1. I'd like to check one number: the per residue accessible area of segment 317-444, probe 1.4 Å, reported in Å² as a whole number.
2. Longer than 32 Å from Cα to Cα, which of Lys237/Lys429; Lys141/Lys606; Lys48/Lys141; Lys35/Lys225; Lys165/Lys225 are they? Say none if no pair is.
3. Using a 1.4 angstrom probe on heavy atoms only, work out the carbon and sulfur share of the accessible area of the chain in %.
4. From the C-alpha coordinates alone, can you work out the Kirkwood hydrodynamic radius of segment 386-470, in Å?
5. Multiplying the sequence separation of Ala32 and Asp248 by 0.36 nm and subtracting their Cα-Cα distance, what value in nm do you get?
6. In deg cm²/dmol and to the nearest 500, what is the mean residue ellipticity at 222 nm of the chain if only DSSP H runs of at least 4 residues count, each as -39500 (n - 2.57), divided by the residue total?
7. Multiply the residue gap between Tyr525 and Arg45 by 0.36 nm, knock off their C-alpha separation, and tell me the result in nm, one decimal place.
8. With +1 on each Lys and Arg Cβ and -1 on each Asp and Glu Cβ, and nothing else charged, work out how big the dipole of the chain is about its Cα centre, in Debye to the nearest 20.
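The values are calculated or read from the model by the stated rules, or taken from the named source; none is laboratory data. Only a predicted model underlies this, so the values are computations on that prediction, with no experimental measurement involved. Note that each Cβ is placed from the backbone with ideal geometry, even for glycine, and that neighbours are counted across all protein chains shown. Heavy atoms of the whole protein, side chains included, go into the accessibility calculation; ligands, DNA and RNA do not. Shrake-Rupley method; radii C 1.70, N 1.55, O 1.52, S 1.80 Å.
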Amino acid sequence: KILEREPEALLEARPGLPKELERIVGRCLEKAPAKRYQDTSQLVRELKGLRRAEASASPAAHELPGTRRVFPLSRRSWLAAAALAVTLGALGLWRWTTPREPRLVADETLSVAVLPLRNLSEDPEESVYLAEGIAQAVTTKLTQAGLQVAPWESVRRADAGLPLKQLAEELGVGAVLVGTFQLDDDRIRTTFSLVEAASGFQAWAEEFDQPFEDLFAMQHQIALKAAEILKGRLTPKEQETLAAPASDNVDAYDFYLQGAYLLQAEDQESTEVALQYFQRALEIDPELVEAHIGVGAAHAMRYFNSWSGVEEFMVAEASFLAALRLDPASMRARRGLMHIEVQRGRSEEVLIHAREARRAGRPNDIESLLAEAEGYSMGGLPELSQPIFQRILELDPLNEGAAWWLVLGAAWTGEYEAAVQAGEAYFSKFGDDLLAHTYVGVSQYALGRLDQADNHYQKSMAELQHQTSFAASLFRGHLQQERGRQEEALSTWKAGLEAVRSRQEVETDSPQLALLAAALETRLYGAPSREPLREVLDQGSLNYWEAPFLAAALAKQGDWQRSVEILHQTLDGGTIPPLWRAQLRGLGLDPNAPELAEFRRAFEAKRLGLRERFGPRDPLERVPAR
């Protein structure tokens, strides 16, 4: 019939429907493709025009408090909607379902991912930050309501072009929330549909049309509807959590969203502008937690990328602390503080944060699991972190952070084959990473695979601008020396040292860079004099990263006494250096050497004491099987 016959007129089949709807449906069913709508936006515009005309004639039939349905709720209009759904389904444009009371899509609560919204605005680039912000806010609210939700970072990383079922499998979820976004002057229009991945069943679909100033109410309504479908009846506490707005001022929140979107670019110019947006948000609403975290993250990025000096840490720390005071449950603020404490060499403080994350977090909550596991890794107990990172990847297969830490943790604990396998999995899914390449290289070297090790070192040194690359130059030079290529080794160490000194021109007071420079000087010229390093070594706040490099370099020169002295000083200063074994291995040294016997005993005693105080008896004691 589609090929050979004309369909009967819509009004003959269903008298009483709008004449304009008959024309629209008729155009969808034209035999000649050129006579049909050439793109979805044409059809959308005409449907919206029809809806506005109908609403003007009888607004009560179309409007519900806070929402606008596409079709009125009379039985006759339901049939019209069904007819249009068949037409649009044949065209592959959209799926509508009949409105229904909230119901569970499965007998048990499903995990869900909130996909990026399709932006239908006239100028999508101008409003992309707002479209992302709404999806991310709904993600956060559903997580706070106790649902298992794929983190936004993982969802953004997924291939949006995949079929929904395959995309859900990649994200490890049972349902997806999909929708559209449109900014029209000062109004926001969104549609959301909840689809069960396995069956393709669309459990709920609704349109929300509200002024920009009602953004928080819109986010609340979307999250509430989705939570009710997925979870059933919500507790009063969960309802209260969903109703709480992110800010007392929508303009402050808008500034924050623009900053958060810009910060994702990770370049200097975008970071500087993002920082201005976060600061403007805090001028309007000083209690906006996420803006405090944004300020902390921007200042930390300025330090780590050598755009500014070590004073950035002071500002970052104050911002993360402010966020944590306002919201003690904020795992992002806690994770930010842990990275600050690591740079200051305070392993015990890092482990305190890990313990608090374990106490405050819910079972299978990705953010709290990440905070706990990262704390164990950086605090000197990486063996406790590995099973937690593995569980995170079971819950969230696209979690890049967990995959990255699996590589480092395995190398630090001497599980070199596991580190190589974790590295291969990481690179195939997420691409290159300088630090991961460094420690996969160390692991390959420890396993006797010198060609593979050299390949990873070269990748880590692709940009000699980062501390990671400086470390890789130390290891690669040793590998070249071991192969009898002394001139190449000296050239590699010299290039690394020149890069470190160039960065020291920006960070004039960085003890970490001073230690790396001393390690490279040791390999080039022999053990450095004590005086240039006295101030650095006497600070008593060496972090877990750089001090072992110098200790390893001194040991390689045969100066075991000073090597052990630095390791002991690091330990006595409050740092548990989990990677010291890997650093020694990278320079061809045996961590079980007799010269290190006393340090090994002190290291294990300190580590086990901290594990008893801060670690769970079972790293997965609060992470039930999926």
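1. Averaged over the residues of segment 317-444, the accessible area is 31 Å².
2. With Cα atoms farther than 32 Å apart: Lys237/Lys429; Lys141/Lys606; Lys35/Lys225.
3. 49
4. It is 12.7 Å.
5. Extending this stretch completely gives an extra 72.3 nm.
6. Details: 29 runs with 383 residues, N = 626.
It comes out at -19500 deg cm²/dmol, rounded to the nearest 500.
7. Taking 0.36 nm per residue and subtracting the Cα distance, the gain is 165.4 nm.
8. With only Lys, Arg, Asp and Glu charged at Cβ, the dipole is about 1840 debye.
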